[in-house]
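Some notes on the structure that comes next.
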Amino acid sequence: MDIQLYNAPRETVVADADHMRRVVSLYLNGMAPSSAETIRYALRQAIEGLGMNAIDVELETFPWNQLTATHLSQLIALWRKDREPATIRLYVYAVRGVIRQCFISQLMPADQYQLVKEVKLPRGANKRGRGRSVEDEEQDAILRNCLDEDSTAGIRDAAIFALFFASGMRRAELAGLDDGDIDYARAEARVRAKGNNVLVKHIQAWAIPYLQDWRAVRKDSGFTSGPVFTRIVKGGRLTGNRLTGRGILGIMEVRCNKAGLDQVVRPHDGRRTMGTAMLKEHGELVAQKVLGHAQLDTTRIYDMRSDDEIKQHFSKAAGPRSKRSDS
């Protein structure tokens with residue numbers, strides 16, 4: 001399907017479907033699978049923002065070489081209505097990346113590319129960070145719903161939620177786990193983190209039985225190696241196909257709705273829950289190490305303790321003035 005943008009440059013370089021597939025392939029091939037998945041999602045947001053159905057339009061053959069600075073400015077204005085600045089910057093990064101590949105592949109004039117580069121990014125940052133700290137009652141409701149289902153999917157989903165809450169892993173880290181990565185005796189897991197670094201994540205002891213139950217199910221189905229979290233098809237049959245980050249997000253959304261939660265628990269919420277607990281119980285330095293942050297300021301964003309808790313602490317705190325008033 002040939003697509004012509006309504007306000008594309010008059011002298012657009014002709015690019016057929018095969019041209020665009022090569023451009024998008026060159027752009028995505030150098031990325032880790034989880035990063036490529038994120039970029040693909042961002043590019044689909046751009047397609048939808050331009051007024052097209054991202055389901056019907058093939059991402060690989062979309063005429064990215066026709067995008068102009070005007071298109072990008074319009075997208076940013078649209079995204080400002082309901083997206084955080086950091087999310088908008090990610091979307092723009094994705095769009096500019098594929099446009100740059102169009103320029104390198106000689107499918108876009110230099111002046112058009114240069115104007116796209118000049119579009120200003122939104123300023124500001126989300127001081128609160130992403131996600132929320134999930135209350136114990138919500139965690140219990142989700143895990144109870146998983147286990148009450150008495151199904152293969154229920155056991156798997158309980159292990160997923162338990163690991164998020166008990167380790168502070170990122171979604172891509174959890175999706176990338178293989179059987180040999182988890183040491184059940186030491187309650188540790190090796191994960192491939194940002195920058196292809198391999199890190200050790202500690203797992204709170206309460207979550208280990210959930211992981212062992214899931215491992216037993218996989219072993220009974222003949223899976224003793226490979227990805228830890230995999231797809232399940234009709235009839236509860238396990239496959240060896242690794243769950244993607246987006247697949248895990250979909251599972252969490254469905255499970256939270258089944259559990260009757262007012263808010264969906266998302267992958268980063270588990271990380272915020274862990275961060276808040278570590279800050280509360282062990283302080284900033286321990287929390288920084290557990291979350292794997294390079295900067296302590298990043299860890300502080302994860303403190304989701306309420307103002308009521310802080311006020312309660314100050315009202316109970318004793319000091320020289322309280323002693324002086326008794327005399």
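The values are calculated or read from the model by the stated rules, or taken from the named source; none is laboratory data. Please read all numbers here as calculations on a predicted model, not as lab measurements. FYI the Cβ positions are ideal-geometry reconstructions off the backbone, even for glycines, and counts take in every protein chain you see. Protein only, heavy atoms only, side chains kept; ligands, DNA and RNA dropped before computing areas. Shrake-Rupley method; radii C 1.70, N 1.55, O 1.52, S 1.80 Å.
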Sequence-distant residues sharing a close amide H with residue 230 (under 5 Å, placed H) | 243
Table column - 3J(HN,Hα) (Hz), the range 210-225, Karplus curve with 6.51, -1.76, 1.60, x for Gly and Pro = 5, 5, 5, 4, 5, 4, 5, 4, 5, 5, 4, 8, x, 9, 10, 8
Over 32 Å (Cα to Cα) among 120/258; 81/234; 81/117; 117/201 -> 120/258; 81/234; 117/201
In the range 78-115, what trypsin sites (Lys or Arg not before Pro) fall in a loop by DSSP, with at most 16 other Cβ atoms inside 10 Å?
-> 80, 81, 83
To the nearest 10 square angstrom, what accessible area does residue 118 show with a 1.4 Å probe?
-> 110
Net charge of Cβ neighbours under 11 Å - reference residue 49; Lys, Arg +1; Asp, Glu -1 | +2
